[in-house]
Each structure stands twice: as structure tokens, then as C-alpha cells.
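Structure first, then comments.
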Amino acid sequence: MTEPYPEQRLCPVIWGHFDDNGALDHWDAHLTALCPHCGQRFPVRDDMLGQQIVCPLDSCGKALQLNPFVVDSGKNRSEA
Ligand SMILES: [Zn+2]
């Protein structure tokens, strides 16, 4: 069941890297989230999950709400 999230509610994601055969090569070392305001990815720490934060990127600084859980992009690759 996939519900669309409100725009300001972000899913932190661990991005998987795949080799040419489609096999999982390695995971990113950190969580990232995509800011809906500036369209940039930024690193997310575990203690930021479920928190209201401010986009850390220059020239953005908009308020964001992070989901309290992490999306595993390796098992849930739904391209928008
Ligand atoms: Zn931003």
C-alpha cells in the first residue's frame, strides 16, 4: 500500500548502488532526504527522524518534516 505523502513530509532514504548486472553493490553510508523546496538531497542523521528540521542547504532553509521511518530504496524502487 503506497500512499502519497504530503509534500513537506519527507521519507529519508538509504540509496543503494547497483553494478552493471543489477546486483546490489553497496549502500550509501548515510541517510538522505530530498528537499521538496530546493530539490536537493541532504544527509539525514538517525536522530533527525520524525523531527521537524530546517533544510540545511544554502539559499533554502525551509521547514521540513521528516518521516519517523526509513525507506529502503533497494526493495522499494518506485520511480515517480
Ligand atoms: Zn531545501
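The values are calculated or read from the model by the stated rules, or taken from the named source; none is laboratory data. What you are looking at is a predicted structure, and each value in this text was computed from that prediction instead of being measured. Here the Cβ positions follow ideal geometry from the backbone for every residue, glycine too, while neighbour counts run over all protein chains shown.
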Kindly provide the set of residues from segment 51-80 that are modelled with pLDDT of 90 or more and in contact with a Phe, Trp or Tyr (Cβ under 8 Å, 6 or more places away or on another chain), ordered by number. CYS55, PRO56, LEU57
Residues being assigned to a loop (DSSP other than H, G, I, E, B) and either near the ligand (Cβ under 10 Å from one of its atoms) or under 11 Å from the mean Cα position of the chain (by Cα) (or both) - total across segment 9-44: 10
